[in-house]
Amino acid sequence: MDILVLRKAVLEGRYEISHHAEQERRNDNLFIEDVESALLTGEIIELYPDDPRGPSCLVCGYAADGRPVHVVAGFLATGWVRFITVYVPGSEYWEDNWKTRKRREG
């Protein structure tokens with residue numbers, strides 16, 4: 001999985017948004033432009049090559065207004081990308097860099 005391939009798909013409009021990602025985007029008051037910005041400026045922070053839905057990754061980037069945005073994106077055999085989920089990460093789960101999961105106590 002390559003961030004450049006993902007960015008190219010976004011720039012060419014070769015993506016689809018899952019129903020779940022659309023709901024989450026709206027819940028976090030994100031515009032589609034915010035999601036695109038996050039993917040165009042972000043970096044892959046986790047890989048999920050064995051995801052049952054197909055290979056995917058977690059990208060951390062930023063919306064135009066500076067908010068951190070996480071996008072789980074799947075790569076489709078057609079060359080398109082599917083946004084599986086989209087959200088603004090919370091500080092209860094993520095370190096200040098928004099790229100590192102906090103360790104759970106216990």
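Only the coordinates and a few stated rules stand behind these numbers; no lab work does. Bear in mind that the values here come from a model prediction, so they are computed numbers and not experimental data. All Cβ positions, even for glycine, are placed from backbone atoms using ideal geometry, and neighbour counts span all protein chains on display.
Between Glu92 and His20, what length in nm is gained on full extension when 0.36 nm per residue of separation is reduced by their alpha carbon distance?
Computed gain between Glu92 and His20 is 23.7 nm.
For Ala63, enumerate residues with amide H under 5 Å from its amide H, sequence gap 5+ or separate chain, H modeled in the peptide plane.
Hits under the 5 Å cutoff: Val69.
Whole-Hz Karplus ³J(HN,Hα) for the stretch 51-66, in order, using 6.51 cos²θ - 1.76 cosθ + 1.60 and θ = phi - 60°, x for Gly and Pro?
With coefficients 6.51, -1.76 and 1.60, one gets 4, x, 7, x, x, 8, 8, 9, 10, 10, x, 9, 6, 4, 8, x Hz.
Direction-averaged shadow area of the convex hull around the Cα atoms of the chain, nm²?
Here the figure is 7.0 nm², rounded to one decimal.
Just in the stretch 24-75: which chymotrypsin sites (Phe, Trp or Tyr not before Pro) are loop by DSSP and have at most 16 other Cβ atoms within 10 Å?
Of the chymotrypsin sites (Phe, Trp or Tyr not before Pro), the ones in loops of the stretch 24-75 whose Cβ has at most 16 other Cβ atoms within 10 Å are Phe31.
Tell me the net charge near Glu43. Cut-off is 11 Å between Cβ atoms, Glu43 excluded, with +1 for each Lys or Arg and -1 for each Asp or Glu.
Working: positive: Arg7, Lys99; negative: Glu46.
Neighbour charge sum, excluding Glu43 itself: +1.
For the chain, with the dipole built from +1 on Lys and Arg beta-carbon atoms and -1 on Asp and Glu ones, taken about the Cα centre, which of Gly61, Leu30, Leu47 lies farthest toward the positive end?
Leu47
Need one word for the stretch 42-85: rounded, prolate or oblate. Basis is the Cα gyration tensor (sqrt eigenvalues a ≥ b ≥ c); a/c below 1.5 gives rounded, then a/b vs b/c decides.
Verdict is prolate for the stretch 42-85.
Under 5 Å between amide hydrogens, which residues at least 5 positions from Trp94 or on another chain qualify, with H placed 1.01 Å from N in the peptide plane?
Long-range HN contacts for Trp94: Lys102.
Where q = 0.12, 0.30 Å⁻¹, what log10 of I(q)/I(0) comes from the Debye formula for the stretch 1-58, counting one point per Cα?
Log10 I(q)/I(0), no solvent term: -0.30, -1.32.
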